[in-house]
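Here the structure is laid out as structure tokens; the discussion comes afterwards.
The values are calculated or read from the model by the stated rules, or taken from the named source; none is laboratory data. All values derive from a computational prediction rather than experimental measurement. Note that each Cβ is placed from the backbone with ideal geometry, even for glycine, and that neighbours are counted across all protein chains shown. For the accessible areas, the whole protein counts, side chains as well, though only heavy atoms, and no ligand, DNA or RNA atoms are used. Shrake-Rupley method; radii C 1.70, N 1.55, O 1.52, S 1.80 Å.
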Amino acid sequence: MTKLAVIFHSATGSTRQLAHAVAAGASAVKGVNVVSLEILGADIVEGRYINTALIDRLSDTDAMVFGSPTFMGSVSAQFKAFADATGDLWAAKKWTDKVAAGFTIGSNFCGDQLHTLQYMQIFANQHGMLWTGLDIPGNYDPEQRNRLGAQSGLIAHSTDGALNETDLITAHYLGQRVAIVAKRFTV
């Protein structure tokens, strides 16, 4: 059984909606067990992420999909605190060869959301993980998925908290894609 975790922080609920769509997509792939893990503000004390139980749950996963809203051109402070708390795992190469992907949402069409995905990709690469982007050319898909054209992962856009249905469909697809890729590496 392939194990996939969706790890995310959501400030207003829109990133949570995307996370649920990613998890649903991954769950639709036979032989994949999915868990959603939310990074909460209460898990951060004096700027340090202290929920070691959540981090420990990631040790036996085969794939991780990271999600964060884009704030000031990067991941949220809560997501960054989580990432910083994985330093000991990095040093011990605990996540090497796990499959990874990411998604984000912002209120501007640009808003530097790509940088958020690039941060997640660098974070995954530092852990020796294998990054999986979208394989859907932006604006060339019959279903209109990947409407904002990011190949590195899912970028969604919302100004009022209401998600575009196409972004949710793309999130579902991203979950499926990561699950299928992860199954190739699961013995």
**Fill in**
Of (1) farther than 21 Å from LEU37 by Cα; (2) of a type in the set (Phe, Trp, Tyr); (3) open to solvent by less than 30 Å² (accessible area, probe 1.4 Å), PHE123 fails just (1)
**Asked** Residues in the range 147-168: is at least one open to solvent by 10 Å² or more (accessible area, probe 1.4 Å), among the charged types (D, E, K, R) and not in a loop (DSSP other than H, G, I, E, B)?
**Response** yes
**Prompt:** ILE7 versus (1) of a type in the set (A, V, I, L, M); (2) touching a strand residue (DSSP E or B) at 6+ places or on another chain (Cβ under 8 Å); (3) on the phi > 0 side of the Ramachandran plot: which is the lone unmet condition?
**Reply:** (3)
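Taking the range 66-108 as the search range and keeping residues that are of a type in the set (Phe, Trp, Tyr) and surrounded by fewer than 22 Cβ atoms within 10 Å (Cβ to Cβ), which one is nearest to THR132 (Cα to Cα)? Lay out the reasoning, then the answer.
From the range 66-108, those of a type in the set (Phe, Trp, Tyr) are 66, 71, 79, 82, 90, 95, 103; that's our starting set.
Cutting the leftovers down to surrounded by fewer than 22 Cβ atoms within 10 Å (Cβ to Cβ) gives us 71, 90, 95.
Working: PHE71: 23, TRP90: 19, TRP95: 15 Å.
This residue is TRP95.
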**Message:** If I ask for residues that are farther than 28 Å from SER107 by Cα and either buried (at least 20 other Cβ atoms within 10 Å of the Cβ) or not acidic (Asp, Glu) (or both), which ones from the range 49-62 would you list?
**Reply:** ILE50, ASN51, THR52, ALA53, LEU54, ILE55, ARG57, LEU58, SER59, THR61, ASP62
**Request:** Could you figure out which of (1) more than 17 Å from GLY67 (Cβ to Cβ); (2) touching a residue at least 40 places away in the same chain (Cβ under 8 Å) isn't true of GLN126?
**Result:** (2)
**Complete:** Scanning the range 32-48 for residues that are open to solvent by 10 Å² or more (accessible area, probe 1.4 Å) and in contact (Cβ under 8 Å) with a residue 40 or more places away in the chain, the one nearest to LEU163 (Cα to Cα) turns out to be VAL34
**Asked** Which members of the range 126-146 meet the condition of being open to solvent by less than 10 Å² (accessible area, probe 1.4 Å) and over 26 Å from THR61 (Cα atoms)?
**Response** ASN146
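Hey, does the range 13-31 have a residue that's in contact with a Pro (Cβ under 9 Å, 6 or more places away or on another chain) and in contact (Cβ under 8 Å) with a residue 60 or more places away in the chain? Don't jump to the end; show me each part of the working.
Residues of the range 13-31 in contact with a Pro (Cβ under 9 Å, 6 or more places away or on another chain): 14-15.
Imposing the further condition that a residue be in contact (Cβ under 8 Å) with a residue 60 or more places away in the chain reduces the set to 14-15.
Within the range 13-31, one or more residues are in contact with a Pro (Cβ under 9 Å, 6 or more places away or on another chain) and in contact (Cβ under 8 Å) with a residue 60 or more places away in the chain.
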**Request:** Select the helices (runs of 4 or more DSSP H) contained entirely in the range 26-130, then report the ones holding at least 1 residues which are at pLDDT 95 or above.
**Result:** 52-57, 77-84, 113-126
